[in-house]
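Working notes, beginning with the structure itself.
Any read-out appearing in this document is the output of simple, stated calculations on the displayed coordinates, not a laboratory observation. Being a predicted model, the structure only gives us computed values, none of them experimental. Here the Cβ is made from the backbone with ideal geometry for all residues, glycine too, and neighbour counts use every protein chain on show.
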């Protein structure tokens, strides 16, 4: 049998169907912004950062392959004579090396008799060269006029680790300084750097943001990491790498007490929120009671429960420290203004940062207590960097760099739409670079 | 006026303005739902806040296939129930199998003079266990079995609570409208 629905149910259902009641005005202010879905621009930025990293890696690999698979070639063998004439040996007409073996770099010492023009009559390795490094070839008599330099070309001779030059009238000891040749350029630099900085904030014309920033103090920032640079030309180089940067700020007008969970327990991911210039801190630590000025602190606890005088709480902090750490992939161009032992250069570029740590703490030193995290912080950001610095060539392979660096965040720290919070920092980048 | 889908897309792309637009558009209706379940404005305020946080957190899961308002309403109702369970789980009543229906009830025409706010106030004045069952059964349309599962009570308890809620509401209506005659169901 069909059971008829009581009239009173119908009346209430229909009567309430279109009922609207305006909620209290402050409810909206207590709702945190929802995190932003990754936009296309951010995805492209991420891809670009990945490409930059791949280019760096490719350059590194290509260098490694080149230096481990190509035989060492003599670009030029120069035999300095006492009469200050360079004696070069052209062995284009030389008989082929009869005992091919593994190529190695060998240093020879050569001497010439001052009264005699330099000629290739005999040439042998120095006594301290192991026998297996001695090269041997049948060289023809010198064709050119006496005293005319003989030349060796890199594609015409290969030093091998066994064999012997012979067939000369006299022994000729010669030194072949740096057979790889002084002209072999060290195009790569590998280095580690540390860049402490002080951060600053810019509020633009946003009145609320300016009000928030006024009571927020930037924490010391730093960037550290490893870099690989490639010299495009004598003065211009491109640099990339990977690093970790940390920025943050201290919110000073918030007091934090511990022990709330003894009195109030609710199934919620957070109980308090703190409005900051870089987003909304959600206090996931539900044992903490937060109170503050400037209408920063919001709470899910009903008003009649949010009275600290009812509870026996211990103050554990008088501020909150927001810390953001980013994994960074920089791409920088560097131009040497002065290329000497102590050089000057200018540099500029961008760095893509990927958020790896987003935490808010209270307390000091080893007594730091995690409060929660900041909602609405961008997972990816882009910063621009400009530097003007000094390089000191400690040796032919090691460079010390000291460079004042200005950094400005191109994209806002916060995901909150319309936020203008873009910090900037000024610091010193210092580090050591190794040429190879 | 912007379409819901455009506002939802805006919210998903992080636009705080679209989030506020969504809130302004639907919060009055949803706040009324909160009041039905909460019984007082403080509790309703908290339910609305928590509910909207969940709406924004789960917005990407909305499939655009059903009613968006209905989807949000379900989230609000579930939030209210969650708070109800947390708060009143210790005050569960024992199962009552015997259900007493009111002897008579007024005709719908007799409620013509009642404003929606009067109805809302009547529901808010109900004891929590009657109010929540009445809302779920009579307003939302759930069965006693479903109500029992949602609240962790038996079907019998759900029926008895509903019966008691109707009885109380009926008396209130009669007092408010001055209806004294006894109407008999047809």
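Shown here is the pair-distance distribution of the stretch B:4-90: with all Cα-Cα distances grouped in 5 Å bins from zero up to the longest one, the shares run 3, 15, 26, 23, 16, 10, 5, 1, 0 percent. Take each residue of peptide B:131-144, count the partner chain Cβ atoms within 10 Å of its Cβ, and average: the result is 2. Between residue A:242 and residue B:146, the simple label model (points 7 Å from Cα in the Cβ direction) yields a spacing of 5.3 nm.
Among the residues of B:38-45, the average count of other protein chain beta-carbon atoms within 10 Å of the residue beta-carbon is 3. Contact order normalised by length for the stretch B:4-90, with contacts defined as Cα pairs under 8 Å and 6 or more residues apart; what percent is it? Here the relative contact order equals 29 percent. Applying the Kirkwood pairwise sum to the alpha-carbon positions of the stretch A:329-401 produces a hydrodynamic radius of 15.8 angstrom.
Inter-chain Cβ neighbour count for B:168-175, averaged per residue, equals 1 (cutoff 10 Å, partner chain atoms only).
How high is the FRET efficiency between residue A:397 and residue A:426 when r is their beta carbon distance and R₀ equals 51 Å, given to the nearest 0.05?
E between residue A:397 and residue A:426, to the nearest 0.05, is 0.95.
Projected onto their three principal axes, the Cα atoms of the stretch B:108-177 cover extents of 36, 18, 17 Å, largest first.
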